[in-house]
1. Could you say which residue among A:ARG235, A:ARG179, A:ARG172 is touching a Lys or Arg at 6+ places or on another chain (Cβ under 8 Å), crowded, with 18+ Cβ neighbours inside 10 Å and not polar (S, T, N, Q)?
2. Just need a number here: residues in region B:294-307 that are modelled with pLDDT of 95 or more and within 12 Å of B:GLY385 (Cα to Cα).
3. Looking at region B:401-416, can you tell me whether even one residue there is within 26 Å of B:GLY315 (Cα to Cα) and assigned to a helix (DSSP H, G or I)?
4. A:SER82: modelled with pLDDT of 90 or more and surrounded by fewer than 16 Cβ atoms within 10 Å (Cβ to Cβ), yes or no?
5. Filtering region A:143-175 down to residues that are at the interface with chain B (Cβ under 10 Å from one of its Cβ atoms) and among the hydrophobic types (A, V, I, L, M, F, W, C), which residue is nearest to the chain's Cα centre (by Cα)?
6. For the structure I just gave you, tell me whether A:ASP207 is on the phi < 0 side of the Ramachandran plot, open to solvent by 20 Å² or more (accessible area, probe 1.4 Å), at pLDDT below 90 and not aliphatic (A, V, I, L, M).
7. Just the residues that are touching a strand residue (DSSP E or B) at 6+ places or on another chain (Cβ under 7 Å), more than 20 Å from B:LEU290 (Cβ to Cβ) and either charged (D, E, K, R) or open to solvent by 30 Å² or more (accessible area, probe 1.4 Å) (or both), please, taken from region B:156-206.
8. Take A:LYS101 and decide whether it is touching a Pro at 6+ places or on another chain (Cβ under 8 Å), charged (D, E, K, R) and either closer than 30 Å to A:ASP45 by Cβ or open to solvent by 40 Å² or more (accessible area, probe 1.4 Å) (or both).
Amino acid sequence: MMSTTMDDIRDGGTTGHTDNIDRAGPPLVAMEDISISFGGIHAVDGASLDLYPGEVVALLGHNGAGKSTLIKILSGAYKRDSGEIMVRGERATISNPRDAKAYGIETIYQTLALADNVDAAANLFLGREIMTPFGTLDDAAMEAEARKVMGRLNPNFKRFKEPVRALSGGQRQSVAIARAILFNAKILIMDEPTAALGPQETAQVADLIKELKKEEIGIFLISHDIHDVFDLSDRVVVMKNGQVVGSAKTSDVTKDEVLGMIILGKCPAGATPGPGAMKD
Amino acid sequence: MSDVASGGAVRPKTAGGGSGFKNFLRATEIDTRMLGMVGALLVIWVGFHILSGGTFLTPRNLWNLSVQTASVGVMATGMVLVIVTRNIDLSVGSVLGVTGMIMAIAQTTWFTPMFGFDNPMVWIATIGLGLLSGLAIGGLQGFVIAYMGVPSFIVTLGGLLVWRGAAWWVASGRTIPITDDTFKILGGGSDGSIGATWSWVIAIVAIAFLALAAVNARRQRKRFHFPVKPMWAEYLTFALSAGAVVVATLIVNAYLLPGPLAARYAQANGIAVPEGGLAISFGYAVPVLLFIGVGIVMTFVARRTRFGRYVFAIGGNPEAAELAGINTKRVTMMVFALMGMLAAIAAAISTARLTSATNAQGTLDELYTIAAAVIGGTSLAGGAGTIAGAMLGALVMQSLQSGMVLLGMDTPLQNIVVGAVLVVAVWLDTVYRKRAA
């Protein structure tokens, strides 16, 4: 099941081969020369990254390479020490998760970041509840919306009354994804989106990513495993020791070359080297 | 859409299996934990009734029980939210003590001279000042916990000493009597009860409210085509809750003013005393109504407001709440401010009941409050708990205590029993949770 889906995607890639991403305008988001350190350790050191509408950028690197930290700066969870974030060519002020959401930046965290003790609808609308005219929670309206969006993502989902603790890993994942796309996200960050999923659910996520691309949403896929994301991405960016090793269009590099970037920090010919590239 | 037709049997996990009783519970949506608590309460009541030779389940004792529960019960509703956010408040007994003292001193030294004896402004100003003090004390502790990052256990442990000391210090150890008669109504007693007629009015309003709520909930669910309870279950839950209201009203109305008090009442109101004496009912005590009112408001806050939703989300996963854009620090501070205000309400009740403020007022109440919340199903791991459960928990704790007093048990033995019951109750709850999960 999984292999057919992956083959489909690969077929799509070979027929087109060039990505038809329009990179003429300003990028959807650009992170420029971002640094952050925790107690003297440079978790991210002068990293730059950009993303265009309808593009899927895979951010790769070992555990501890700084990719999650970099992306948490974009989603407002961490405050950067230096650097700029530009959204659609304009300087953006992002100092907390609420700011990021105001710019249409939505994040699906590796931990999913769900409140386990409340139900799916409460999680979908957490921080952005629908209220009645009397200023009380409109649970019925929220459940109705939840049923709509979950019906699109996971038609078999029926457990709207149970706390999300009781749900399976895949169901929890679809709740987290639903929360991210419910509010017209323009930029979607997915941190290890398929790490906890079975083959069937992984294929579902792949389908979803293709669908979101059509809607001109830009997507960051973060992973330490190249196999998870290589076939889904238009571009790969590799980080090592808090620095960007380099970036390349996925069609210009092979998996082995990208692995070389991840493990050795060695930039192949098809890639644009970054500050973290191995000097030889 | 097809869910609507199949009614109560939509939940796929349990459909088909389960005994008749389980299906019954599912259809009526009765919380099994609450059912267990009511069961435990009934066992305690009947047990004491038998052991005490028939003095426990009397209108008089049950009425007293309701008044005694009010003060700790009011605080337990706030303690639920504190514990749900993975915090604890050890200072509530001392905050009760200091706010009670502030109210008594302000009333006797400022408000009564300022407005005149028994002027309505006296009790209004007294309560207003009390609530503000509670809010400020709780807010201050909340600020230190949320924004300065000191664990709530330490902050409120400090508060336990600080506020008890403050109460002692302002009053120089004296007992301060309160003078305003209207304020004393908050404490219950014959003047602080509403009588038979008003008790029935309240009962009818409550039943009408229950009916309205049931109809409204059903209409909401139909509007969005969600599954609804079967009709018989709607009627049954309504009948049970309305029946409970009627029984409670009958009990408080069956408690009659003792002879001399009734005679004085008749004289004061110009009623002729008929043959065989007057039958004047106490009816609901004002502090009990206040307790129930606080419970309703707190349930509303917990379940229907954004603040309540955030409190539970923070308890379930603080990091997720933060990432969802919730200002978790502000919510935490507000929870403690609310707790402080509830301690002040409890202080008003207990000060009015004792008609004076003392140093020792509220001593150990923090432990009874926490115990009530925990017995009522509030999880110390955070994220789970109900206001109604804590209110029942307070009633269970108080029933145990007054039952043992009624049996003439010695104080050390009482403490041993209460302590042991707390541990056993939480153990049972842990077992229940493991099985439910």
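1. Only one candidate qualifies: A:ARG235.
2. Of the residues in region B:294-307, the ones modelled with pLDDT of 95 or more are B:294-302, B:305-307.
Those left that are additionally within 12 Å of B:GLY385 (Cα to Cα): B:299, B:302.
So the answer is 2.
3. Checked against the condition, which is being within 26 Å of B:GLY315 (Cα to Cα) and assigned to a helix (DSSP H, G or I), region B:401-416 yields no hits at all.
4. For A:SER82, the condition - modelled with pLDDT of 90 or more and surrounded by fewer than 16 Cβ atoms within 10 Å (Cβ to Cβ) - is met.
5. A:VAL164
6. Judged against the criteria, A:ASP207 is a match.
7. Matches in region B:156-206: B:THR175, B:PRO177.
8. Taking the combined requirement at face value, the residue does not satisfy it.
The values are calculated or read from the model by the stated rules, or taken from the named source; none is laboratory data. Given the structure is predicted, the values throughout are model-derived calculations rather than measurements. Neighbour counts run over all protein chains shown; Cβ positions are idealised from the backbone, glycine included. Accessible surface is based on the protein model in full, side chains and every heavy atom, while ligands, DNA and RNA are left aside. Shrake-Rupley method; radii C 1.70, N 1.55, O 1.52, S 1.80 Å.
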